[in-house]
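Worksheet: the structure to be examined is printed underneath.
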Amino acid sequence: MFNCRTAWNKLAPLARASSTVCRQSGKREVSRHVRRPLFARRAQMSSRATGGGGEDKFYVLLVGAACAAGGVYVYYTVSGDKARYDERLAQISRRQHRQAEPSPAPTQAQQEVAADTALESTKEPTAVAVLEHRGTEPNQEVPEAEPSQEAPVSEPPPTEAPVSEPPPTEAPVSEPPPTEAPVSEPPPTEAPVSDPPPTEAPVSEPPPTEAPAPEPSITEPTVEGDSPKASEAVLKMPSPEAAEPAAAEVLTSAGRPEDVQLTEGTGVVSAGPSSLLGESASEPAPVSAPGPVDPALPEFPGHAPYLLIGGGTASFAAARSIRARDPGARVLIVTEEADLPYMRPPLSKELWFSDDPSVTETLRFKQWNGKERSIYFQPPSFYVSPSTLETVENGGVAVLTNRKVVHMDVRGSRVKLSDGAEISYDKCLIATGGVPRNLQVIERAGEEVKRRTTLFRKIEDFRALEKASRELKSVTVIGGGFLGSELACALGRRSTDLGLEVVQMFPEKGNMGKVLPEYLSNWTTEKVKKEGVTVLTDAVVKRVSFEDDKVQIKLKDGRVVKTDHIVAAVGLEPNVALARSAGLEVDSDFGGYRVNAELQARSNIWVAGDAACFYDIKLGRRRVEHHDHAVVSGRLAGENMTGAHKPYWHQSMFWSDLGPDVGYEAIGIVDSSLPTVGVFTKATAKDTPRAVTELSGTGIRSESETEAVAGVVAGAVAGAVSVSAGAPAPPTQQEENYGKGVIFYLRDKVVVGIVLWNVFNRMPIARKIIKDGEEHVDLNEVAKLFNIHED
Amino acid sequence: MSYCKQEGKDRIIFVTKEDHEAPSNAELVEDDPNDPYEDHGLILPNGDINWNCPCLGGMASGPCGQQFKEAFSCFHYSTEEVKGSECIEHFRNMQECMQKYPELYPQEDESDGATSGGADTAPAEPTGTDEASAPTSPTGDVTTTGTESAAAS
C-alpha cells in the first residue's frame, strides 16, 4: 500500500504533466462545447488516483510494479545473506568430517586384508606404517608385499600396519635386535617423510621408532632387517590424534599379533612403539609373532642420520665435527677403500724417510723427534661397528668399507650401493675426493706398460711403489708438481742405498713450475737434483712402449728414457660420478661439484675436500686439493650439517717438503702466473723443516699450526709465535740466495697468496693478511710482520 | 743493506736484519672479536667451550666424548675455590671410559695422565689453570693424544 503511495507521489508530477496535457486538450474541447471555466482547475490534486486518462493509469501501474518488485528483491537479498553464509560454512565442515571418517574405515578393512595375507604367506611382506602428519589427514603408507607374493596388499590406499606407529612421545630406541630375514626383499627404501607413499615400493620397513617430533638429527632409525631395508626415519611426526584413533581402530580390529608388520624376515620391529601406544594393550610386540626370527644384526643400518660418502680426510674431519657438536650423533661413513680413514701426506713424505723395514705393513712413521704415529687418524677401536650404529648409546662413527655408492636419489634422500643395498639419510656429505689422472699415451700403451705404471694416491700404491723401488733398477716420475717432486725426492734419497736410478720429467721449466716464481722454481730444481734425481725439464711425453724388457718413454724432442717403472703424478680428476644421478651441478672451470660458500650443493647435501668446487668469499670460486683444505672444509661441512651456517672463512694452508732441508708453507692462491714480490734473507741451519719439527714436537706441520692457532689471541698479529731456539746445528752451506723468505702473490695489487719459504710457525700472520684483502703499498713493510730473521 | 731486483713480473727483495728492525708500518684491519664466521679457540666469545676446536683433538668426539665433555664443562664452569673440586665424579667416569680404550687414550705412568690430558690438551690456552685434582701431566702424554687426533685438524 504505502509503496504504491510513495511511488505514486514520485510519479505525480509525471501524472500531472500528462494529465495536464490531457486535461488541456479536454478543456479545449470542453470549453468549446461548454463554457464553465470554474470547473476547470489548473492544478490537479495528486491524491486523485484517476488523474488522467487510461494511458496514464497503465503507465503508472507498470512502473510501480517494477519498483515494488525491485524493492522486495533487495530486501530479501540483504536479509538472506547471513543465512547463506552460515549454511556454506556448515557445508564445508560437514565435508571434512565426511573425509575423516571414511579413511579409518578403509584402513580397517585393509588391515584385515593385510593380516590375512600376512598369515598366508610365509614370507611376509613388511608393512610399515609410516604415518605422516599432514594437516588433518593422516597419510598412511604401507609397504608392499614383495614381488613374489602378496598381490592383495597392493592397494592404492595404503594399508596400515598399526603397530608400526611410532609413538608420538617417546622414542625408546631400545629395540630388540632386528631380526634378520633371509628373505630380504629387494632394497626399496622408503621415501621418507614427505612424499606420497610410494605404493609399490616394497619396503619392508620396520617401523622406525622415531624420536618423535623434534630432532631430525637424532632420529634413531629402527633397526633394520637387512641391508636393503631402509627404515624410514621419516616417520617422525605422526599426528598423535590421528595416529591414535586410527591405531586404536586397527588394533582392536586386528586382534592378531601378526598383523603388525612383521615381515617375516625382517622382523625387526619395534617392540618399542607398540608399547608406547596408548592402547598398546592389545598389541603385542608384533614382531615376536610369526615367522622365523633371525637374531643376527644387519650388516649396516638402512638409515643414517649423517651419511658421509667417501672415507678420506674431509670425511673424517666432518665426522669429528659432527660428533663434537651434536652429542650422540650417529655417523656412517661409506668408503670404496678397504682402509679406515687415513691421511695422505705421509704416503709421499714421512713414510719414505722411515728406517723401519716393516713400514709398509704398519704404516707408522717416526717423526724427526722420535715420536711415532700411524697414518690412520684413529685406531679401529675409535669407530663403532656399522651394525651397532643405530643402537649404541651415545652414538658414534661407523665406517663401511669396500662399498661404493653408485646412485643417489636426492628427492628420496637415499643412496644406493653397488650391491643394490640402499641407505637413507637425513644429511649427507659427499667427500669422494678424486682419481689420479693418467696420461693418454700410457693408456694407449698396452698392458705391459700399464702394469708397470703406478697412479699414486692410496696406501696400496705406496706399497707397490715401495716394493718396486727395492726390486727395480730405475723408476721414472712423470709430473713436476707437489706429488711428483715429493716422490722424486723421496725416491732420490734412497737411490744411493738401493742402487736405484730416479728420473723425473715434466713439461715445465722447473719443479713446482706452476706454483713458484721462476727463480724459486729453478732453485728448487737444483735442490731436487742434489737429492739424487735426474731431472728432465721441458719434457713432453710422446709415446710409451715396452721393449727389451724396459719401458721406453719417448719425448717429443727426441730424448728417450728407459726405465723399469713409471709413476704418473699428473693431476687429480675429481670424482663426480654421483652428479648425474643426484642432479648436482658440476663446475666446468675447476671440475668438482659446484657448491656455495657454505659448501652446500642442495638442501641436506654438502660437498667437501678435493671434490668440492666452492665459493671462497675472499678469493673467489676455487677448488683446492690439499690436505689442510680437506680438513678445514670437512670440519666446516660438519659444522654446517649440524646447523652452523658458516661460510668458508678460515683459509686453509698447504706445505711441501723437498727433502729434509727445503720446506715451505703456503696459503691462498699460489699461482706462478701471478706477479709476485719476494722478500728474502739468508737461511741458517735452524731454518729447516727438520729443525722445526724437532722444536715443536710434531711431525705434521699443519698440526703444529693448528695447535698454535688455538692459543693465538685473535688479532695478535705482530706477535709472531716464535719457537724457542734449540741447540744450533752445524751451519748449512751459504750458497743459496733464497734461504728464507716470504713471497707474496698479487692479484690486482691485493695479496691473494703467500709462500713462507723456510719460515715456519708464521701462518697466522699470513692468514690475517689474506683475510684483510688490503692493497699494501710497500710489501717489504708487510714482510716485516713475519720477523723472518728470527726463528 | 737491502737490494731489490726484478725478473719479469716477479720482484725480489733481499733484506738484512737491520732493514727489518724498524717496526712495520703496514696497516692491518682491526679484528672483530664477535665475527660470527671466525674460528675461535677453545673458548667461544660467549664463554662456552668450543668442542670443535682442533686443539682438543678427538677428545670430544671419540667414544668417551660424552664423559669428557661433562668433566671438562664441569671444570670450566666450576666456581669453587679449588677449581673443579666438585667434578671428581665426572673425571672418574671419564677415566674409566678411557681405560676401556687404551689404544685411543694411552695411559702414561700417572694414572691421572689421561684425565688432565683431556683438560690440558689445549696447550696454548692461555687461561689454562691447573686442575687441583690432577697432577700436571707431562706434555708428552698430551701431545700423544693430541697429535694423534690433532693431526687431522
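For A:K771, a cut-off of 29 angstrom between C-alpha atoms picks up these lysines, skipping any fewer than 8 places away in its own chain: A:K514, A:K618, A:K646, A:K682, A:K740, A:K749, A:K784, B:K5, B:K9, B:K17.
Summing charges over all other residues whose Cβ lies under 13 Å from the Cβ of A:L674, with Lys and Arg as +1 and Asp and Glu as -1, gives +1. Solvent-accessible surface of protein heavy atoms, probed at 1.4 angstrom with all chains present, puts A:K562, A:K529, B:K100 in the order B:K100, A:K562, A:K529, largest first. The alpha-carbon of A:K562 sits under 25 angstrom from the alpha-carbons of these lysines, leaving out residues fewer than 8 places away in its chain: A:K450, A:K467, A:K473, A:K509, A:K527, A:K529, A:K530, A:K542, A:K550, A:K554.
Remark on B:I43: its backbone amide H falls under 5 Å from those of B:N50, a criterion applied only to residues 5 or more positions apart or on other chains, H modelled at 1.01 Å from N. Taking all protein chains as shown and a probe of 1.4 angstrom, B:T16 keeps an accessible surface of around 40 Å².
Of the residues A:R437, A:R88, A:R580, A:R330, ranked by 1.4 Å probe accessible area with the largest first, the sequence reads A:R580, A:R88, A:R437, A:R330. Sparse packing (at most 15 other Cβ atoms within 10 Å of the Cβ) combined with a DSSP loop state is found for the following GluC sites (Glu not before Pro) in the range A:361-398: A:E393. Each residue of the range A:674-680 was assigned a 3J(HN,Hα) from its phi angle through the Karplus expression (A = 6.51, B = -1.76, C = 1.60, θ = phi - 60°), giving 7, x, 10, 10, x, 10, 10 Hz with x at Gly and Pro. Taking amide H as placed 1.01 Å from N in the peptide plane, the amide H of A:G663 sits under 5 Å from that of A:L658, A:N758, each at least 5 places away or on another chain. Contact residues in the range B:25-74 (at least 40 Å² less accessible area with all protein chains than alone, 1.4 Å probe): B:A26, B:L28, B:V29, B:D31, B:Y37, B:E38, B:D39, B:N52, B:P54, B:S61, B:Q66, B:K69.
The values are calculated or read from the model by the stated rules, or taken from the named source; none is laboratory data. Given the structure is predicted, the values throughout are model-derived calculations rather than measurements. Methodologically, a virtual Cβ is constructed for each residue, glycine included, from the backbone with ideal geometry; neighbour enumeration extends over all protein chains shown. These accessible areas exclude ligands, DNA and RNA; they are computed on the full protein's heavy atoms, side chains included. Shrake-Rupley method; radii C 1.70, N 1.55, O 1.52, S 1.80 Å.
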